[in-house]
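> Here it is, the structure, as structure tokens.
The values are calculated or read from the model by the stated rules, or taken from the named source; none is laboratory data. The structure presented is a predicted model; accordingly, all values stated were derived computationally and were not measured. Glycine also receives a Cβ, built like all others from the backbone with ideal geometry; neighbour counts cover every protein chain displayed.
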Amino acid sequence: MFVLVAVWHVFVSKKHGITQINDKTTSDESTIKNEAEDLVELSVKGQNIWSTHVVSRHLLELANCTPRAVEQFPKGLFTQEQRKNGALVIHVLVVIYMFLALAVICDYYFVPSLEVLCEFLNLESDVAGATFMAAGSSAPELATAVIGVFIAKDDVGLGTVVGSAIYNVMFVISICGLFAGSVVYLHWWPMVRDCIAYTVSIAALVIVIYDGQVTWYEALSLVVLYVLYIVFMYFNARLEAWFVPRCTRCFPMKHKNIGAESIVLYDKIQTNGSITLSATEADIGEMLPLTSDFPHQEEPEPLCQVPEGFFKKIMWVVSLPLCTVLYITTPDCRKQRWKKWFLVTFIMSLVWLSAFSFVMVWMITVIGFTVKIPDSIMGLTFVAFGVSLPDVVASLLVVKEGLGDMAVSNAVGSNVFDILICLGVPWLLQTGALNPGGIVTVYSEGLTYSSLTLLSTVAFLLISTHLNGWKLDKKFGAILLVVYILYTSLACLYELNIFGYFHPEECPSSY
């Protein structure tokens, strides 16, 4: 019996030991499993943390990038792939046609309406160039800026102002000198007057955006400053009569016959519109000063009349749809029966100038995006060309008529309008209408460079014009063209961050 009890005890002990071993094994397996699960969980958390870090870093880079300019415009008919495969040619053709459209609207409607406006208000040509002509040729920039505020919700950058400012002061005047057809003498007063106003505008812009923020009252101050500029121009004749004699005595001019107005090769403009020319230099001193008198324009040819010559016929066919639309919508104040409608012609010219320029800048921007040209470079070159093309056409048309002061005043006055109105009005709309009491954040890291660039162009224009004897000729035009190329090249290097990191990278776009 004792033996049986002992055997049973041994059996139970072994069984208990085996149970303990099994329990221990199960416990170890459970621990290992839990540790493995913990490791997996930690690994997943680590991956999530790394992914979050990568995403956050990517989002930070996107937040600091510059939005592509093409995003401000409506979506086109073609995708990026289609444009690369040949559809881009259509955009190029549209740009060429818009160039033709701007030339037609300026030649047939805008400039003639300005001529009648000057006669009606008895304005001097340089005053008209610095005010009505400058505002009209810069209307596309204002329209584009306002559209950007309400549609694209985009603020206005300084790149466009710098690009178009250099373009207006250097390139526009150089084209006038190269293609004027003759030497046009300039009077120093309009240029000095407009350059001083331009310098004041630059100083006001620097003060407004120095802290990188624009409030509603700062934007309003720019607009008020332009109103004061218009008031100043209203009293231009009195101010000129007071300043010119005193300044001429202190700083005698090289050409003694440059008086109160620009001198052109019109000796006398008869009441019937006929013009008498002087052939000798001795007669130049007796020429009549030119104020608001413009050469008499002949009645335009009927729209349906086919011109002679193969090239003219091709141009007539190409421009017929455009001319038909303009003929229906805009009175031709060159015709005697429509002359009283010059104000309607002027307003409709501004509408069409804005529309054509918007389409041209749109197509140029899409072309630059497709061929991967940075927006900063496009803004200084091709976009500046598209936006300021009305200034080129209008200035060239009036300088061919001998109105050099009007052309130069238009070029410089357009910059005053661009800074005070094309920047001031959109900023005022953003801080007063879209976000009352809000502020506009302005990228101002390049403020020093931009200010020096704008001021240096003003100084160079005044000094070079004085050294050239206050005349607009081919030599002067060539010098300005070379300087414009140098300025633009340096500006492009600056925009590409060659001299340091001033501009963030461009954001990706699916346009």
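> Counting residues that are at pLDDT 85 or above and more than 15 Å from the chain's Cα centre (by Cα), which helices (runs of 4 or more DSSP H) fully inside segment 291-403 reach at least 1?
Helices (runs of 4 or more DSSP H) meeting the threshold: 310-329, 342-370, 382-399.
> State all residues of segment 219-236 that are part of a helix (DSSP H, G or I) and more than 24 Å from the chain's Cα centre (by Cα); if no residue qualifies, say none.
V231, F232, M233, Y234, N236
> With the requirement that a residue be charged (D, E, K, R) and either closer than 30 Å to H187 by Cα or buried (at least 17 other Cβ atoms within 10 Å of the Cβ) (or both), what does segment 454-509 give you?
Of everything in segment 454-509, those that are charged (D, E, K, R) and either closer than 30 Å to H187 by Cα or buried (at least 17 other Cβ atoms within 10 Å of the Cβ) (or both) turn out to be K471, D473, K474, K475, E495.
> Considering each residue of segment 466-506, count those that are over 11 Å from V169 (Cβ atoms) and either assigned to a helix (DSSP H, G or I) or modelled with pLDDT of 80 or more (or both), and give that number.
Number of matching residues: 26.
> Moving on to the next point. Look through segment 361-398, keep the residues that are crowded, with 21+ Cβ neighbours inside 10 Å and of a type in the set (S, T, Y), and return whichever of them is nearest to E506 (Cα to Cα).
Across segment 361-398, the extreme among qualifying residues is S376.
> One residue is enough: does segment 77-92 have a residue meeting the conditions under 23 Å from I328 (Cα atoms), under 25 Å from the mean Cα position of the chain (by Cα) and in a helix (DSSP H, G or I)?
No, every residue in segment 77-92 fails to be under 23 Å from I328 (Cα atoms), under 25 Å from the mean Cα position of the chain (by Cα) and in a helix (DSSP H, G or I).
> Continuing with this model, one more query. Quick one: L123 ticks every box in (1) crowded, with 18+ Cβ neighbours inside 10 Å; (2) assigned to a helix (DSSP H, G or I); (3) more than 23 Å from the chain's Cα centre (by Cα) except a single one, so which number is it?
So L123 meets the others, but not (2).
> In segment 216-237, what residues are at pLDDT below 90 and either on the phi > 0 side of the Ramachandran plot or among the hydroxyl-bearing types (S, T, Y) (or both)?
Scanning segment 216-237 gives a single hit, Y234.
> In the list G424, G404, which residue meets the criterion of being touching a residue at least 60 places away in the same chain (Cβ under 8 Å), under 21 Å from V146 (Cα atoms), among the small types (G, A, S) and surrounded by 24 or more Cβ atoms within 10 Å (Cβ to Cβ)?
G424
> Here's another thing I want to ask about it. I'd like to check something: does segment 427-442 contain any residue that is surrounded by fewer than 15 Cβ atoms within 10 Å (Cβ to Cβ), part of a loop (DSSP other than H, G, I, E, B) and not small (G, A, S)?
yes
> Next question. Run D154 past the list (1) closer than 20 Å to A219 by Cα; (2) modelled with pLDDT of 85 or more and report the number of the one that doesn't hold.
That leaves (2) as the condition not met.
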